[in-house]
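Trainee: Encoded as C-alpha cells, here's the structure I'll be asking about.
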Amino acid sequence: FQNSGWAKLPVNERSAIMHRIADAVEDRIADFAQIESLDCGKVYSQAVADIQNFVDTFRYFADLAMSVNYRSVLAVKHHEAWVARHPWGACGFIIPWNFPFLLAGWGIGPALAAGNTCVLKPAEDTPLSALYLCHVLQQLELLPAGVLNVVTGLGETAGAAVSQNPKFRRMSFTGSPEVGRLVA
C-alpha cells in the first residue's frame with residue numbers, strides 16, 4: 001500500500017483514472033457480460049445490467065471523491081479542531097459467486113476513490129470477470145502496480161489468507177452467516 005503511490009495521488013487524478021476504468025469496462029461491456037454469463041450462469045441481459053452497474057458505481061464514486069472535504073474545521077467553542085480524512089490502506093474484499101462483478105464494483109469502487117489499495121478474492125467458482133478486469137487494467141496501464149490485486153482459490157485457503165491478514169485495515173465479506181463468523 002505504501003509503495004503504490006495511489007494514496008498520494010491528488011484526488012482529481014484518482015477520479016480521472018476511475019473514469020477511465022469505467023470507460024474501459026463500458027467499451028468492453030459485451031466481453032465482460034459474456035464472461036460473467038458463462039462464469040456464473042447468469043442470463044446475458046442480467047450480466048449486461050450488472051456490468052453497467054459496475055460502470056455506474058465507479059463513475060459515482062469517482063465524482064463523489066471530488067466533492068469530499070478532505071480537511072475541514074469543526075465548530076468547537078473555544079478550541080480549534082480539524083478533521084482530516086486519509087485512506088485506510090489495504091482493504092480486502094471476499095465476493096460471492098452470484099454477483100461477482102457487481103459486488104466487486106460496490107467494494108473496490110469506493111475504496112479506490114478514497115485512495116485505498118484492494119485485494120479482491122472472488123468465489124472459487126466465478127473468478128473470471130475479476131481476472132479479466134485486472135487483465136484489461138494491466139493492458140491499458142490504468143492503475144499502478146499493487147493497487148488492485150486478485151487472489152483466487154478456495155475459501156478455506158485463499159479466503160482465510162485474505163480474511164486473517166493483519167495488514168488489511170478494512171475487510172468486506174458477502175456470503176453465508178457461517179463463513180461470516182469465520183471472517184469476523
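The values are calculated or read from the model by the stated rules, or taken from the named source; none is laboratory data. Quick caveat, the model's predicted, so the values are computed rather than measured. In this analysis, Cβ positions are derived from the backbone assuming ideal geometry, glycine residues included, and neighbour counts consider all displayed protein chains.
Trainee: Is it fair to say A184 is loosely packed, with under 15 Cβ neighbours inside 10 Å, without any contact (Cβ under 8 Å) to a residue 40 or more places away in the chain and hydrophobic (A, V, I, L, M, F, W, C)?
Mentor: The answer is yes for A184.
Trainee: Check segment 129-142 and report whether any residue there is touching a residue at least 12 places away in the same chain (Cβ under 8 Å), farther than 25 Å from I29 by Cβ and β-branched (V, I, T).
Mentor: No: zero hits.
Trainee: With the structure loaded, tell me whether P100 is within 25 Å of T152 (Cβ to Cβ) and not basic (K, R) or whether it fails that test.
Mentor: Taking the combined requirement at face value, the residue satisfies it.
Trainee: Of all residues in segment 16-36, count the ones that are buried (at least 20 other Cβ atoms within 10 Å of the Cβ) and among the small types (G, A, S).
Mentor: Qualifying residue count for the region: 2.
Trainee: Restricting attention to segment 64-77, does a residue exist that is surrounded by 14 or more Cβ atoms within 10 Å (Cβ to Cβ) and among the polar types (S, T, N, Q)?
Mentor: Looking through segment 64-77, none of the residues is surrounded by 14 or more Cβ atoms within 10 Å (Cβ to Cβ) and among the polar types (S, T, N, Q).
Yes/no per residue for (1) under 21 Å from S15 (Cβ atoms); (2) at pLDDT 95 or above; (3) of a type outside the set (A, V, I, L, M); (4) touching a Phe, Trp or Tyr at 6+ places or on another chain (Cβ under 6 Å):
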site	(1), (2), (3), (4)
A123	no, no, no, yes
L128	no, yes, no, no
L131	no, yes, no, no
V136	yes, yes, no, no
L142	yes, no, no, no
V150	no, yes, no, no
L154	no, no, no, no
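Trainee: Next question. Which ones in segment 137-148 are surrounded by fewer than 17 Cβ atoms within 10 Å (Cβ to Cβ) and outside any loop (DSSP other than H, G, I, E, B)?
Mentor: Q138, Q139, L140
Trainee: Those residues that are under 13 Å from W88 (Cβ atoms) and either among the hydrophobic types (A, V, I, L, M, F, W, C) or in a helix (DSSP H, G or I) (or both), I need them from segment 160-184; list them, please.
Mentor: Within segment 160-184, F168, M171 qualify.
Trainee: Among all residue pairs at least 6 apart or on different chains, which show Cβ distances below 9 Å where the first residue, located in segment 79-103, is at positive phi and the second is polar (S, T, N, Q) and outside any strand (DSSP E or B)?
Mentor: Final answer for the pair search is G89/Q2; G89/N116.
Trainee: For segment 150-160, does any single residue satisfy the condition of being in contact with a Leu (Cβ under 8 Å, 6 or more places away or on another chain), of a type outside the set (A, V, I, L, M, F, W, C) and free of Cβ contacts under 8 Å to residues at least 40 places away in the same chain?
Mentor: Yes, some residue in segment 150-160 is in contact with a Leu (Cβ under 8 Å, 6 or more places away or on another chain), of a type outside the set (A, V, I, L, M, F, W, C) and free of Cβ contacts under 8 Å to residues at least 40 places away in the same chain.
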